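A.B. asks: Here's a structure for you.
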Amino acid sequence: MGETIFVILGRVHHEILLFAVVGLAIGGIDDFIIDSVFLCRRLWRKLIVYSRHERMTTATLPASRQPGRIAIFIPAWQEADVIGRMLRNALNRWGNQDYRIFVGIYPNDRATLDILTPLASGEERLILCINERDGPTTKADCLNRVWRAMLQEERRTGSRFKAIALHDAEDVVHRDEIRLFDVMTDRFQLVQLPVLPLPGNGGWWSKLIANHYCDEFAESHGKFLTVREAMGASMPSAGVACAFERQMLERLANAGPGGPFDPESLTEDYEVGLRISNMGGRGIFVRMRDGNGDLVATREYFPDNLKAAVKQKARWMVGISLAGWDRMGWQGGPAEWWMRMRDRAAALSAFVLFTAYLALLLWGVLLVAGLFSDVTFARISPVIEVLLWINFGFMSWRMAMRAIFSGMAYGWVFGLGAIPRTLIANIIAMMAARRAMLLYLRSLIGRPLTWDKTQHRFPDLESQA
């Protein structure tokens, strides 16, 4: 009887292993093509472009031909811990540039209101927008309320804003981004700047979780978005450090939700980028350094505990990988289809990872069983053996690329840590996929999706200075 069970386990292991190695090989080929495109593009620009022209910085960037006022939208629900320090830092860094900050808040969020009311008193650059409904609604609904407040401000002043930028209540902004948005929205309808997570500063476990975001964003905003732009695919917005040309965003607005953002979406920022592309707009990802050589980017803390990280990534997965499949469809050409498929493969990729770890666990069980019994198991097929070696090569390449990009952004010691942090990233992805599937299935039977936000932190910039 025991031998029969192990024989069955051996067959199950073979089927699971076959599924895993095929899925991992497909993903490995996909990632390798992206890496190859990036490396070829980088080599061409180095040999052809930058051999003849100096790299542009914000210090050498020409002024906008049609300068205009920039509106900054900040949705806030239970952000009393960070919103005051974030706004004081932004007002200080941006100084007297031409902008207005609109903060969307809720009447039942007394703590945030108490922080913002004295800060906005007598400060013309800061405008509070109180939602008509109690919170939380969705982030998109809050942004639509801010949009309506901006329209009221335009009617009051008789002057239209040139562009709308998005930020979150925990963002550490760069002093030159307003000027960069002003220049780039002359030609582009969506401008996305890099987002760089701040490294964790807690215990070792908290650092592992927080720092895996650093690895992922360093690679995504250092490589993938540049490839996406180069291929002519739509540029998704990250929801922060991004700006939309005013007229284009108005074209997306309709009377139903009361603004350009879909209140039923959990990833309204991502969807707006795709909708802009569908309407013929152009998006650009800008990696530019300032006069001191620092990257013009937004920095912020990401979750440093397992529960919050799973919650956040599940929200992204629901909005992009699951709900986005039927909400946004398959428009554009082959490059666009490829990019959207990559966006929507997160849940499937997490399942493939799960089967790979399950196959590894079963292999261990069968190995131990073989040591203490006379049961013999069939040798894995030559096809699976070849795929295992191919996947080992792709895995080694993938870890090296992540370590390189993380090292370029945060230093090489930090970059080497990206290799073991890959395991943490995989665990979080699998747990987030499970949560995302549950949330999505509940939404299909009528349970609405709400603003499932995480607790935010803001760095102590004064002590760091």
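A.B. asks: Based on the alpha-carbon gyration tensor of region 93-224 and its eigenvalue square roots a ≥ b ≥ c, which shape applies: rounded if a/c is under 1.5, prolate if not and a/b is larger than b/c, or oblate?
C.D. replies: Note, shape of region 93-224 comes out oblate.
A.B. asks: In addition: Any chance you could run the full-extension gain for Arg289 through Ile419? It's 0.36 nm times the residue separation minus the Cα-Cα distance, nm to one decimal.
C.D. replies: 44.0 nm
A.B. asks: Same structure, new question: Beyond 24 Å, what share of the Cα-Cα pairs of region 160-279 is found? Please give it as a whole percent.
C.D. replies: 33 percent
A.B. asks: Place a label point 7 angstrom from the Cα of Arg434 along the Cα-to-Cβ direction, then list the residues of region 288-322 whose backbone nitrogen is under 17 Å away.
C.D. replies: 306-315, 317-318
A.B. asks: Then there is this: Determine, from the Cβ-Cβ distance of Gln247 and Arg133 and an R0 of 35 Å, the FRET efficiency 1/(1 + (r/R0)^6), rounded to the nearest 0.05.
C.D. replies: Once rounded, the FRET efficiency stands at 0.75.
A.B. asks: Once you have a ≥ b ≥ c as the square roots of the Cα gyration tensor eigenvalues for region 15-138, tell me rounded if a/c is under 1.5, and otherwise prolate or oblate according to whether a/b is larger than b/c.
C.D. replies: Cα axes put region 15-138 in the oblate bin.
A.B. asks: Next question. Quick one: if you stick a label point 7 Å off each Cα along the C-beta vector at Ala308 and Asp186, how many nm between them?
C.D. replies: 4.1 nm
A.B. asks: At what distance in nm do the modelled label points of Ile33 and Ile445 sit from each other, each positioned 7 Å from its Cα along Cα→Cβ?
C.D. replies: So the two model labels end up 3.8 nm from each other.
A.B. asks: Return a single number: how many Lys pairs in the chain, at a sequence separation of 8 or more or on separate chains, have alpha-carbon atoms below 15 angstrom apart.
C.D. replies: Count of close lysine pairs: 5.
A.B. asks: Evaluate the distance, in nm, between pseudo-label points positioned 7 Å from the Cα of Arg327 and of Gln455 along their respective Cα→Cβ axes.
C.D. replies: Each label point lies 7 Å from its Cα, and together they span 2.7 nm.
A.B. asks: Put one equal scatterer on each alpha carbon of the chain, apply the Debye formula with no solvent term, and list log10 I(q)/I(0) at q = 0.07, 0.12 1/Å to two decimals.
C.D. replies: -0.40, -1.10
A.B. asks: Starting from the Cα-Cα distance between Arg65 and Met399, subtract it from 0.36 nm times their residue separation and give me the gain in nm to one decimal.
C.D. replies: 115.9 nm
A.B. asks: Gap in Å between the Cα centre of region 422-444 and the Cα centre of region 279-317?
C.D. replies: The distance from the Cα centre of region 279-317 to that of region 422-444 comes to 20 Å.
A.B. asks: Leaving out ligands, DNA and RNA but keeping every protein chain, what accessible area does Leu128 have, in Å² rounded to the nearest 10, with a 1.4 Å probe?
C.D. replies: Leu128 has an accessible surface of roughly 50 Å² with all protein chains in place.
A.B. asks: How much of the DSSP beta bridge set in the chain is antiparallel, as a percent to the nearest 5?
C.D. replies: Among the beta bridges of the chain, antiparallel pairing accounts for roughly 30 percent.
A.B. asks: First compute the accessible area of region 203-300 with a 1.4 Å probe, then give the percent of it belonging to carbon and sulfur atoms.
C.D. replies: 45 percent
A.B. asks: At 222 nm, what value in deg cm²/dmol follows for the chain if DSSP H runs of at least 4 each add -39500 (n - 2.57) and the sum is divided by all its residues, to the nearest 500?
C.D. replies: The helix-only estimate for the chain comes to -17500 deg cm²/dmol at 222 nm.
A.B. asks: Using a ≥ b ≥ c from the Cα gyration tensor of region 228-320 (square roots of the eigenvalues), is it rounded, prolate or oblate, where a/c under 1.5 gives rounded and otherwise the larger of a/b and b/c decides, a/b for prolate?
C.D. replies: Note, shape of region 228-320 comes out oblate.
A.B. asks: Here is a follow-up. Residues of region 142-176 with amide nitrogen under 17 Å from the 7 Å Cα-to-Cβ point of Met56?
C.D. replies: In region 142-176, the label zone of Met56 (backbone N under 17 Å from the point 7 Å along Cα→Cβ) covers 176.
The values are calculated or read from the model by the stated rules, or taken from the named source; none is laboratory data. Keep in mind that this is a model prediction, so the values were computed, not measured. Methodologically, a virtual Cβ is constructed for each residue, glycine included, from the backbone with ideal geometry; neighbour enumeration extends over all protein chains shown. To get the accessible areas, we keep the full protein, side chains included, count just its heavy atoms, and leave off ligands, DNA and RNA. Shrake-Rupley method; radii C 1.70, N 1.55, O 1.52, S 1.80 Å.
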